[in-house]
Amino acid sequence: MQQIGSKWWKFDFHTHTPASMDYGKADHQIKQTMTPRQWLLDYIQHGIECIAVTDHNTGSWIDRLKIEAENLRSEGHSIYIFPSIEITAHGNIHILGIFDIDKTSSFISQIIGATNYSGTEGDSDAVTQISPQDVIDLIINRGGVAIPAHIDKASGLCTVHSSGATLKQILTNASAVEIIRTHDEYETNQPGSSPLHGYVSLQTGLPEVIGSDSHHPNRVGRAFTWVKMGTPSIDGLKLALFDGDDSLKRSDQYPNSPNIYAENRITSIKINKTKYCGRINEFSIQFHPWLNCIIGGRGSGKSTILEFMRTALGREKELEQLSSNKEMFNSYSKLAKKAQSRDDDGVFLEDSSIHVEYLKGENHYKLEWRYGDQQISINRIDGQNVIQEEGNVISRFPVKIFSQKQIYEISRSPNYLLNLIDESSIVNLTEWNYKWENEVSTIFQLRREVKDLKTNISTKSTLTGQLNDINQKIASIERSSHASILANYQKSLNQDNLIRNFITGNVDFLENITSYITQTRPIKLEVNPELFINQNETTTQNKILELQQKVEDNIITFNKTINDVTDEIKGLSNWFDSSALKQEIIANKNQYTTLVANLQASGVNNPSEYESLIGTRKALSERLSKIAADEKTIEQKESEIVQSYNKLVELRKEITARRRQFLVDINDNNANFKVNVDFCGDKQFLESSFRNAIDKNDTTFSNEIYNEDDNGFLNILNTKIKEISEDNDGIINKIQDLKNGFFDKTANTILDVKLSKRFFDFKNSLSEEEVTALICWFPSDSITVKYNDGRRFKDLSQGSAGQKAATVLAFLLSYGDDPIILDQPEDDLDNQLVYELIVKKIKESKCKRQIIIITHNPNIVVNGDSELVVSLSQQSGITDFLSFGGLQEREVRKNICDIMEGGRDAFSQRYRRIVSA
């Protein structure tokens, strides 16, 4: 796969081949048998990709190695040869000269000739006739980099010269120095032993590299330097050396690869058939895992690329969520529509499509958006297979996208940062929302149940009075002389009903059983001679038939038993009709009938009312028992409501604690800004959220609720919350004081605000659902952002537009590992703010997360050390590329200087002498 932009290359600055006389040391056989291919494979095995072939005063193996390296690259290996030499300069000081990869053995021979080296090629048996300083100048003038070799070891500069003045003179134009052991290592092991004292005292600022200086295969890979550049070239190496620590890492300090990429990253965008981009041929950008900068003049379409990505990644609604300003979403909507004419704002055509490729760990996805269906399809790429998957694009493919206007709006209203904070795994808003909604739902359900139960028990007083009256009537009748007749009559009725119910119920039951058995027959085995032939089969068949006959016999027996029992029960009925008890029942009924007739004849009320009264008393008693049970249930459910509300309070505290926890590391690691979460401190959305709870989403009652003159109980609540901002329990109590004013029907003030008659009537007319919503209502948290003006931290509202935007941008770059895409974030920022805040944050963040920036500020591109720079222009109304690559590419550097105001100054600031390269 072709390298896109810059990366860290494993570079060995100091190597030897059999062309060096001392190659193999005592192992003479290895020198005779070593081939260029095997020599290179030894380095490949150790992950070395760039090799400076620095034989002693010769370049005879270089052409052979270059040919073999090309063959190995065609086989899929990553290996590059830098034609180089280790020159034995006057004074027996070894100096490495490293040249571009297109140079040859012949070129190296010319370098040797120019030094007037008179010794044996491949050996160090003589020195150059020119000074070490002249050797360095010669290498530099011939387009190479000059590095005094192993300056702390034998034949090294610092072991030959200790004088600071001499060292300074020789090192004036050196590109770097090779140091085997650092000064600190020497001093730690044995104070005063370091040969680097004179060099260290000069404070040259020269980059320090290390190579293996291997003269034998078993020494390959023992030391190397990580070098950050694009496709290996001398320009890339020079840039890295000028860049110093930002582009060089010694293996003794960084043994492991710095090429660590975020798990989630965008690998490419492909745009087809839009008005200005990809209209004729597909427009495609491949992205680097680290910092990508898209530059171009006005009208080049660079900002539209961001909006295309916003569309394909389903992030258009964020334009509404992160700001109350609808202008941004309206502008996007005008852009993201079908163009009706040449001058229309819309950029899409009927067959427009956008493909974004996204890497999640090892899984490669392609997100496809088409104008025709306005849908985003998710496709996983598995080798040659494309597997369509379901899911939510926003949750499955995280990315942050911010235009300059979004950043400006956030800086005006920092509370919108809560939406971003809540996306973090520490806050885990999805889990918290689930718990919160579950608890709110529980409170709503419990209060509905209590309301229904209270409706049921509202009749308790009436029913109790009715029961008292009934009991008095029954007692009056039972106290009369007819009480025994009435009692016997009631008893006889119950006896007769009980016996009759037993007889008829059991007869019906048994007849149902008989009917079921008659209508349902057991499953019979169909005898099939073809299935049951041999002895085992017929034995099994006979066993089943035997059991089948037994089942049928038992059914017949069971039917007979049922019929016998039924006859016995019917016989009981006949026996009962002639029994002594039946005669007593008949006598009691006759006595009752006679009593009724006599009472009616004498004008006495019908004592048959007694039976009705007994039934009524029973019904009333049952209803009152149910009410008593409901009262206990209400007590239990009201206790559950209190418990659930307490859980709600704890959850409300918990979300603030999670947000604050998320900010701990960010605040600790940033000296330029601080972001804090204030518990229930929101004022921006305070009124709207409260009105939504009480279902009064208009501007009425502003004097009581809230107005811009700081009147109303919400203003008072917000003030009281700020006064005790660190006391969460105290804040909850203040919020409860406000709610109590609504729950108390007699209250005519809320937080000392006098209520008008209209509002008094309104708050007392709230429905149960609205009261419950108010119980569950709490003000949102607020965000306080402070910036460092160089002397102290000040509230962001006091900052300039540039300070506000820079602070918000620095915050956005301070957390997370998901890709972030920014459009011209430097607007309103002066170069000092860009460098001190933004560039530093970019450099800190880009190895942890992918950054894509559309920019016209060269400081971001150059000093941010953009791994990939995409230069765009508009040709005949169509967006096209000017250049594509890393900063080492001459065409890229030229376009930065030509397109971006201050581009040349930015290069001068960073690379000094390389601007003219």
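We did not get these values from a lab; they are worked out from the coordinates using the rules stated. Note that the coordinates shown come from a computational prediction; the quantities given were computed from them, not determined experimentally. FYI the Cβ positions are ideal-geometry reconstructions off the backbone, even for glycines, and counts take in every protein chain you see.
Shown here for the stretch 373-472: GluC sites (Glu not before Pro) in loop regions (DSSP other than H, G, I, E, B) with at most 15 other Cβ atoms within 10 Å, namely 390.
Is it possible to state the helix-based mean residue ellipticity at 222 nm for the chain, with each DSSP H run of 4+ residues giving -39500 (n - 2.57), the sum divided by total residues, to the nearest 500 deg cm²/dmol? What is it? Calculated from helices alone, the mean residue ellipticity at 222 nm is -15000 deg cm²/dmol.
Cross-link check: pairs 228/894; 683/739; 31/238 evaluated at a Cα-Cα cut-off of 22 Å; pairs beyond the cut-off: 31/238. Between amide H atoms placed 1.01 Å from N, distances below 5 Å from residue 123 occur with 21, all of them 5 or more places distant or on a separate chain.
Beyond 14 Å, the tail of the calculated P(r) for the stretch 101-174 holds 66 percent of the Cα pairs.
In this label model, residue 260 and residue 622 are separated by 7.5 nm, measuring between points 7 Å along each Cα→Cβ vector. A simple packing score, the average count of other Cβ atoms within 10 Å per residue, orders the peptides 487-498, 124-135 as 124-135, 487-498, with the highest score first. Which residue, chosen from 98, 144, 376, occupies the Cα position most advanced towards the positive end of the dipole of the chain, where the dipole is computed from +1 (Lys, Arg) and -1 (Asp, Glu) charges on Cβ about the Cα centre? It is 376.
A Cβ-based charge dipole, computed about the Cα centre of the stretch 9-250 with Lys and Arg at +1 and Asp and Glu at -1, lands at about 140 debye. Ordering 446, 485, 643 by the projection of their Cα atoms onto the charge dipole of the chain, which places +1 on the Cβ of Lys and Arg and -1 on the Cβ of Asp and Glu, puts 485 at the extreme positive end.
For the chain, a simple Cβ point-charge model (Lys and Arg +1, Asp and Glu -1, everything else neutral) yields a dipole of about 1320 debye relative to the Cα centre.
Pairs 653/674; 451/626; 435/786; 400/804; 270/337: which are spaced more than 23 Å apart, C-alpha to C-alpha? The pairs that break the limit, which is 23 Å between Cα atoms, are 435/786. For the peptides 546-556, 32-42, 146-156, the ranking by packing is 146-156, 32-42, 546-556, with the highest mean count of neighbouring Cβ atoms within 10 Å listed first.
Listed by chain and number, the aspartates and glutamates placed with their C-alpha closer than 18 angstrom to that of residue 326 are 307, 316, 318, 345, 409; residues fewer than eight positions away on the same chain are left out. In the chain, what percentage of the DSSP-assigned beta bridges are antiparallel, given to the nearest 5? Around 70 percent antiparallel, to the nearest 5.
Each label point was placed 7 Å from the Cα along the Cα-to-Cβ direction; for residue 437 and residue 702 their separation is 3.4 nm. Please label the shape of the stretch 1-94 as rounded, prolate or oblate, based on the square roots a ≥ b ≥ c of the eigenvalues of the alpha-carbon gyration tensor (a/c under 1.5 means rounded; beyond that, a/b larger than b/c means prolate, else oblate). Because a/c hits 1.5 or more and a/b fails to exceed b/c, the stretch 1-94 counts as oblate.
Annotation for the stretch 732-812: GluC sites (Glu not before Pro) lying in DSSP loop with at most 11 further Cβ atoms inside 10 Å of their Cβ do not exist. Taking a cut-off of 18 Å between Cα atoms, list the lysines near residue 582, but don't count ones fewer than 8 places away on the same chain. Counting by Cα, and skipping residues close in sequence, residue 582 has these lysines nearby: 491, 570. Of the labelled figures (1) 55.3; (2) 67.1; (3) 73.8, only one reflects mean projected area of the Cα convex hull in nm² as derived from the coordinates, namely (3). Amide H contacts of residue 854 (H built 1.01 Å from N, in plane; Pro and chain starts excluded): 294, 822, 823, 824 sit under 5 Å, all sequence-distant by 5 or more or on other chains. With a simple spin-label model that places each label point 7 Å from the Cα along the Cα-to-Cβ direction, the separation between residue 168 and residue 202 comes to 1.0 nm.
For the pair the stretch 158-201 and the stretch 796-837, the centres of their Cα atoms are 42 angstrom apart.
Once the chain from residue 460 to residue 748 is taken as fully extended at 0.36 nm per residue, the excess over their C-alpha distance is 100.5 nm. In terms of the mean number of neighbouring beta-carbon atoms within 10 Å, the peptides 233-244, 890-901 order highest first as 233-244, 890-901.
Only one residue of 392, 283, 574 has its Cα farthest out toward the positive end of the dipole of the chain, where Lys and Arg carry +1 and Asp and Glu -1 on Cβ, and that residue is 574.
Calculated FRET efficiency, residue 843 to residue 116, Cβ-Cβ distance, R0 = 51 Å: about 0.70 to the nearest 0.05. On the basis of the beta-carbon distance and an R0 of 51 Å, residue 27 and residue 384 show a calculated FRET efficiency of 0.60.
Between residue 817 and residue 664, 0.36 nm times their residue separation minus their Cα-Cα distance comes to what?
Separation in residues times 0.36 nm, less the Cα-Cα distance, equals 53.4 nm.
Based on the Cβ-Cβ distance from residue 521 to residue 497, what FRET efficiency comes out when R0 is 56 Å, to the nearest 0.05? That pair, residue 521 with residue 497, gives E of 0.90. Expressed as a fraction of 2.2 N^0.38 Å, the C-alpha radius of gyration for the stretch 141-243 is 1.13.
Label point of residue 509 set 7 angstrom out along Cα-Cβ; within the stretch 563-586, amide nitrogens under 17 Å from it belong to 563-573. The value for the stretch 9-250 of Rg(Cα) / (2.2 N^0.38 Å) is 0.95.
Charges at C-beta only: +1 for Lys and Arg, -1 for Asp and Glu. How large is the resulting dipole of the stretch 610-697 about its Cα centre, in Debye rounded to 20?
For this selection, approximately 80 debye.
Residue separation times 0.36 nm, minus the C-alpha to C-alpha distance between residue 771 and residue 448: what's the value? Length difference between fully extended and current span is 115.1 nm.
Against the empirical curve 2.2 N^0.38 Å, the C-alpha radius of gyration of the stretch 483-606 lands at a ratio of 2.03.
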